[in-house]
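Okay, so here's the structure we're looking at.
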Amino acid sequence: MNILNVSDITIQFGGIKALDSVSFKLNEGEILAMIGPNGAGKTTLFNIVAGVYKPTHGEVTLRGENITGKRPFYLARKGLTRTFQNLQIFYRMSAIENVMVGRHLHERRNPIAHLLSLPFVRKQNRTTREKAQELLNFVGLGRFADQEAGEMPYGALKRLEIARALAVEPSVLLLDEPVAGCNAVESADVAAVIRKVADSGVSVLLVEHDMHLVMKLADRVHVLERGKTLAQGTPEEVKVNPAVIEAYLGISKEKEISNA
Amino acid sequence: MFKFLKYTYLPTIGLFTVVLLLPLLVDSSYYLRIATFVFIYAILVLGLNLLMGYAGQVSLGHAGFCGLGAYAVAIGPTYYGLHSALSLVLGVLATAIIAYLIGRPLLRLKGYHLAVATLAFGAIVFIILTNEVAFTGGPDGMPVPPLELFGITILGTRTWYWIAGGTLILASLAVCSLINSPTGRALRAIHDSEVAADALGIDIRAYKVLAFVISAVFAALAGGYMALFDGHVTPVSSSMMRSIEFLTMAVVGGLGSIVGSVVGSAFLVLLPQLLSSFQEYEHAILGGLMIVSMMFLRKGIVPSISSWLLRRFK
Amino acid sequence: MEFLLQLLFTGLTVGSIYALVAIGFTLIHSASGVFNFAQGEFVMLGGMVTAWAMSCGLGLPLAAATGITVTVIVGLALNFLAIRPARDASPVVLLIITIGASVLIRGLTSVFLGKDFMKLPGLATSETLIVGGAVLQTQGIAVVIGVILILIALWFFLKMTLAGKAVRAAAANRTAAILVGVNPTLIVGLCFAVSALIGAVGGILITPLTLTSYDAGTLLAIKGFAGAMLGGMGNPAGPVIGGLFVGLIEAFGAGYISSEYKDAFTFVVLLLVLAARPQGILGGSLVERV
């Protein structure tokens, strides 16, 4: 059952077609990885689905509803949220507060009640905090709860962003280079979390350069090159696709993939 | 050991203690009068701090809102025969509406554009108040009839000390509560990363406007109190220099710090008193102090001290 | 008709000065990201110090040289003593510093040069000229010509000289500029010096018409910022157009609607423009890349 349907997406910046008729589907509970050489258009496509850019042509539907060009905060309300390649953590808040912010849509938001500190507000704060702690535990950051985010290690922050995104209770999670800049240990930790996320029923679309991670983690892979779809399929299928190998992976990479 | 410095309601308790004890330690009417000024301005700075320290927006025109509240309690009773308290309420409401109307389009702007826009707003208010001589008394201002409640005239330093102090404590309580609520978290999130807050479903614009309106309401209230306490209003209460002073109070005291709002307010109210012998150097010294304090105590007095304490005694 | 011409000319005259403030402010902002609230003080100092030097017995040329020199020194001092040490602070902190500098400069001027209005003699022998039935101030013509000359010199500097090109490079991409050997410290200092210089010259030109005093800088600064934002800071012609536009709004507003509210018209127009089209008349779109 496909939950996210991206069809015929084209976007033009002046004379340059950054994306040309790209289509794909994301099924419920699966991990779809978007890969391709630098400049292929992965980030642009990602940003279109995430509501940052509006495509020149084409359509994005979420569970049948047309969400093309809708802004990110609308998408969050519809169950689609994202993480950021260059971490957008709330550095001056603690880890648990970061995740609590993610619970925003599930809280009662009357500001007058908040100013007056009505009884339900305190109760709600407790509930939100508990839920946030659960999510921190889920990504393996339970003990960092009251640590100021600015003082946490990089790999942990990558997982924190995922926990925060999960707090929204999305049905689709977009991950923008979730292991960029991570060492092998940190990458493995993040990968394990992503696997858990998909297993819990959330559909994941991720953009990544780390081939090792992609081949191990993804259920399906979509390859872009110069704005066009080059191939799609399971990691095994894509791995041996000659066009993909030639355009992207190169001879030494081919060896790396066959060893992966 | 100093973990208690992070307890939510600590600032309110601290303020409560100070307000309560001060008259016992200082019996002079002169100093209590100064304290009253400090409390009244602190209310405004508290609101400004919510806008600047939590929502991360700059306003160089808050004195405009202050002036609106001040003139409301002058004009209401004088020309319309309205009760002072009612005039204050109406003035605050009108300010809230105006703040909402100008906030909605302008809070899309970032940084300096917003600063200049708020500056323009404050300037417009000042010019109107100065020019409409028949209505506002022009540059010389107009007298403010004192507040009367249940037949008693509310006059005098001691009475206003408690009114101002009490209101400050209530305001501080409200802000403390707000900070630890979904609204507060949303504002802090917006300040740290708008992009992320947006992606999490937070309506950025709405929250910025909310912070703006709340800060305008605090400013109008403070303006009204000042007018009733002082017995007189002039357009100076909405001048650019005032806006700058309020901004300085917030930043020097410490953005995002409730106690900082009071400290900053005290700093700038006491300064002219301390410098009375250097009267003509007053502006120069104020300017110099602004520069020096920002160069060396960037986070403001209170946050700098409390983080020093937390580091020392960890 | 004469009335219209009169207003047009007044508007262009004051507008030229606002354009100078707007350009100086934009120059510093694009090179360093700093919002120089003290920009108007440069204009004030140019006029005030020159007037003081004349009262000490110096002739206009020497007095003007003194005025300009002092202002440039103040500009450099502002940069190296107050802004540079705090250059990695948040924009709010830097804003407070420049506001503080503006207040400090005003305060010191009022102490050392007094609070009285000061005047300078005009450049031409006759005070007025009749053009198309309207009475025009010759000094006003001098202002406009002076500002045009300054703009030409500035254009020449930025386009033709190595230093000017370095300034444009730093404004376009600071990191890249550093990588090709541009010294950012010197560039920012240069921008402050140039801004102070053109501000001072503007002050010397306008003082015969409007007089000057220790607090003349503030309103000039605000109108300069308004001009910069109205014109749009992305385009080099923006501040110039914006400054002239502000001058014209003021003149026509004062002439046709109300002279008491002349300052308010600019601010109302500014608010409307910022609400509807924040990038200004000539500016490109303000996009933030994620």
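Quick notes on this one:
- Taking Cα centre as origin and charging only the Cβ of basic (Lys, Arg, +1) and acidic (Asp, Glu, -1) residues, the dipole magnitude of the range B:12-239 rounds to 380 debye.
- Our coupling estimate for the range B:274-284, obtained by passing each phi through the Karplus curve with A = 6.51, B = -1.76, C = 1.60 and θ = phi - 60°, is 5, 9, 4, 7, 9, 2, 6, 8, 3, 4, 4 Hz, Gly and Pro reported as x.
- Sum of -39500 (n - 2.57) over DSSP H runs of 4+, divided by residues of chain C (222 nm, nearest 500): -23500 deg cm²/dmol
- Taking every alpha-carbon pair in the range A:90-169 and binning the separations at 5 Å intervals from zero gives 3, 17, 28, 22, 15, 10, 5, 1 percent.
- Taken residue by residue and averaged, Cβ atoms of other chains lying within 10 Å of the Cβ of A:104-111 number 6.
- For C:Lys262, the lysines whose Cα falls under 22 Å of its own Cα, not counting residues fewer than eight places away in the same chain, are C:Lys223.
- When the charge dipole of chain A is built from unit charges on Cβ atoms (+1 for Lys and Arg, -1 for Asp and Glu) and taken about the Cα centre, the candidate among A:Val179, A:Val244, A:Val101 whose Cα reaches farthest toward its positive end is A:Val101.
- Per residue of peptide B:123-129, the mean number of Cβ atoms on other chains within 10 Å of the residue Cβ is 5.
- Ratio Rg/Rh, restricted to chain B and using Cα atoms, in which Rh is the Kirkwood radius: 0.96
- Each residue of the range C:63-70 was assigned a 3J(HN,Hα) from its phi angle through the Karplus expression (A = 6.51, B = -1.76, C = 1.60, θ = phi - 60°), giving 4, 4, 4, 4, x, 5, 4, 4 Hz with x at Gly and Pro.
- Within a Gaussian network of chain A (alpha carbon springs, distance under 10 Å), most fluctuating of A:Glu169, A:Glu30, A:Glu151: A:Glu151
- Charged-residue dipole, Cβ positions (Lys, Arg, Asp, Glu), the range A:160-247 about Cα centre, Debye nearest 20: 140 debye
- About its Cα centre, the protein assembly as shown has a charge dipole of approximately 1240 debye under the convention of +1 per Lys or Arg Cβ and -1 per Asp or Glu Cβ, with nothing else charged.
- Binning the alpha carbon pair distances of the protein assembly as shown at 10 angstrom intervals from zero yields the distribution 2, 11, 19, 21, 19, 15, 8, 3, 1, 0, expressed in whole percent.
- GNM flexibility winner over chain B from B:Val26, B:Val262, B:Val73 (Cα, springs under 10 Å): B:Val26
- Our compactness index for the range A:93-139, the C-alpha radius of gyration over the empirical 2.2 N^0.38 Å, is 1.17.
- Toward the positive end of the charge dipole of the range B:12-239, with +1 on the Cβ of Lys and Arg and -1 on the Cβ of Asp and Glu, the farthest Cα among B:Ile124, B:Phe212, B:Ala42 is that of B:Phe212.
- Most mobile of A:Arg82, A:Arg220, A:Arg129 in a GNM of chain A (Cα contacts under 10 Å): A:Arg129
- Here's the picture: charge each Lys and Arg Cβ at +1 and each Asp and Glu Cβ at -1 in chain B, and of B:Leu309, B:Gly260, B:Ser28 the one pushed furthest to the positive end of that dipole is B:Leu309.
- Solvent-free Debye scattering, log10 I(q)/I(0), computed from the Cα coordinates of the range C:128-172 at q = 0.18, 0.27, 0.34 Å⁻¹: -0.61, -0.88, -1.02
- Net charge, A:Ala40 excluded, C-beta distance under 13 Å - Lys, Arg +1, Asp, Glu -1: +1
- One quarter of the surface of the convex hull around the alpha-carbon atoms of chain A equals 14.9 nm², the direction-averaged projected area.
- When each of the peptides B:12-20, B:55-63 is scored by the mean number of other C-beta atoms lying within 10 Å of its residues, the order from highest to lowest reads B:55-63, B:12-20.
- Across B:Lys110/B:Lys299; A:Lys42/A:Lys216; A:Lys42/B:Lys208; A:Lys25/A:Lys78; A:Lys123/B:Lys208, pairs whose alpha-carbon gap is larger than 28 Å: A:Lys42/B:Lys208
- With Rh defined as the Kirkwood radius, the inverse of the mean 1/r over Cα pairs, the Rg/Rh of the range C:16-217 is 1.01.
- In terms of packing, defined here as the mean over residues of other Cβ atoms within 10 angstrom, the peptides B:252-259, B:189-196, B:159-166, C:116-123 line up highest first as B:252-259, B:189-196, B:159-166, C:116-123.
- Each 5 Å bin from 0 upward holds the following percent of the Cα-Cα pairs of the range C:186-290: 2, 12, 16, 22, 20, 15, 9, 3, 1, 0, 0.
- Counting, for every residue in B:170-179, the Cβ atoms of other protein chains within 10 Å of its Cβ and taking the mean gives 3.
Every number in this text was worked out from the coordinates using simple rules, so none of it is lab data. Keep in mind it's a predicted model, so treat the numbers as computed, not measured. Cβ sites come from the backbone with ideal geometry, for glycine too, and all protein chains shown count toward neighbours.
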